[in-house]
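The values are calculated or read from the model by the stated rules, or taken from the named source; none is laboratory data. What you see is a predicted model; the values in this text were computed from it and never measured. All Cβ positions, even for glycine, are placed from backbone atoms using ideal geometry, and neighbour counts span all protein chains on display.
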Amino acid sequence: MFDFAFFGYDNLFTQDASTLSAVGVTSGFSVNSLKNWQAWDYCQFNAGSNSITIDCISAQDIDYFAIAGHELLNTGATTITLKASADGFATNITLATINISGTTFTGSYALDTSTSIPSQTITSNNVIVIKLDSVNYRYFKLEFNNTSECKIGIISIGQRMEFELGFYQNSQPPVLNEDVVVTNNKSESGIYLGRSVVRTGAKQQTINIDSLSHNWIYNTWLPFKAHAEIYPFFYSWGNTPLFNNQLCYQTAFAPVKLKDRIGTGHGSVGVTFEGVIK
């Protein structure tokens, strides 16, 4: 049974109370561009050692971290690190580290105390989604060093929405379902002259889950549904921080059905969504 998937939509970066600061922002850009869900409204950083710090005003629980619309994986960085602190970084702990050597990536993250990222080859700026053990801190900082200018569109930290039941049937891993729309160019005589990419993304998919408790539907699904009706969200297909992750927007919700009216009854939910994997 496939039970690693989760949605990430709770995002402390978008909260009004949170304040952001940064080192290395390119002139004309603002770190506050990261206070929304829009990948096109990005912040750009100069070449060098850079960082982004979020002050949540009070200690907050988080158990996932995500980045999308970014250039962190191919702008010469050797290390990307997420840290947390209770005292403004007089002391801190490391929650995730990505080590980069060319197109080879390794690292570790704080899940089940410590989980390694196996050596793998990454050639694109994939959506990054990292599952974490739950921690409670006021400050979080992303540190990275890049040898050329680097854009970041979305950063998200918060609490993930896990599914009450695992699912597998008809599941579509995002990395295996990239959808590239192209225009084919031909000469007057019909000779193929090449093609132009119109857009890229991941094929539309639907997740339907049955036999869910009333409590999960009301208290877990409905808050997610309220968010996804307006804003994007992250989908992580498994414990794969550097691939098989997607920045999504919903296109439809299935009717929520309850099999019985009261008590510890069960029901079903579903969502259809599209999005990007890099």
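For the structure I just gave you, tell me whether Asp61 is closer than 26 Å to Pro232 by Cα and not small (Gly, Ala, Ser). It is true that Asp61 is closer than 26 Å to Pro232 by Cα and not small (Gly, Ala, Ser).
Only one entry of Ser187, Ser148, Ser171 meets the criterion of being modelled with pLDDT of 80 or more and among the small types (Gly, Ala, Ser), and that entry is Ser148.
Residues that are surrounded by fewer than 19 Cβ atoms within 10 Å (Cβ to Cβ) and not β-branched (Val, Ile, Thr) within segment 79-88 comprise Ser85, Ala86, Asp87, Gly88, listed in sequence order.
Filter segment 190-203 down to the residues that are loosely packed, with under 13 Cβ neighbours inside 10 Å and of a type outside the set (Gly, Ala, Ser), then identify the one that is farthest from Leu34 (Cα to Cα).
The extreme case among them is Ile191.
Return the only residue of Val23, Val31 being in contact with a strand residue (DSSP E or B) (Cβ under 8 Å, 6 or more places away or on another chain) and either touching a residue at least 24 places away in the same chain (Cβ under 8 Å) or not β-branched (Val, Ile, Thr) (or both).
Working: Val31 fails: either touching a residue at least 24 places away in the same chain (Cβ under 8 Å) or not β-branched (Val, Ile, Thr) (or both).
Only one candidate qualifies: Val23.
A quick yes/no check of all residues on (1) of a type in the set (Val, Ile, Thr); (2) closer than 21 Å to Asp63 by Cβ; (3) surrounded by fewer than 18 Cβ atoms within 10 Å (Cβ to Cβ):
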{"site": "Gln205", "(1), (2), (3)": "no, no, no"}
{"site": "Asp210", "(1), (2), (3)": "no, no, yes"}
{"site": "Lys225", "(1), (2), (3)": "no, yes, yes"}
{"site": "Ala228", "(1), (2), (3)": "no, yes, no"}
{"site": "Phe233", "(1), (2), (3)": "no, yes, no"}
{"site": "Ser236", "(1), (2), (3)": "no, yes, no"}
{"site": "Pro241", "(1), (2), (3)": "no, yes, no"}
{"site": "Asn245", "(1), (2), (3)": "no, yes, no"}
{"site": "Cys248", "(1), (2), (3)": "no, yes, no"}
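I'd like the full set of residues that are touching a strand residue (DSSP E or B) at 6+ places or on another chain (Cβ under 9 Å) and without any contact (Cβ under 8 Å) to a residue 60 or more places away in the chain, limited to segment 224-239. Listed by number, the residues that qualify are Lys225, Glu229.
Condition check ((1) modelled with pLDDT of 95 or more; (2) assigned by TED's automatic domain parsing to the domain that holds Ile155; (3) charged (D, E, K, R)) across all residues:
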| residue | (1), (2), (3) |
| --- | --- |
| Val197 | no, no, no |
| Thr206 | no, no, no |
| Trp221 | yes, no, no |
| Ala228 | yes, no, no |
| Asp260 | no, no, yes |
| Val269 | no, no, no |
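Taking the criterion of being among the basic types (Lys, Arg) and farther than 17 Å from Ser27 by Cα, the residues of segment 136-158 that qualify are Arg138, Lys141.
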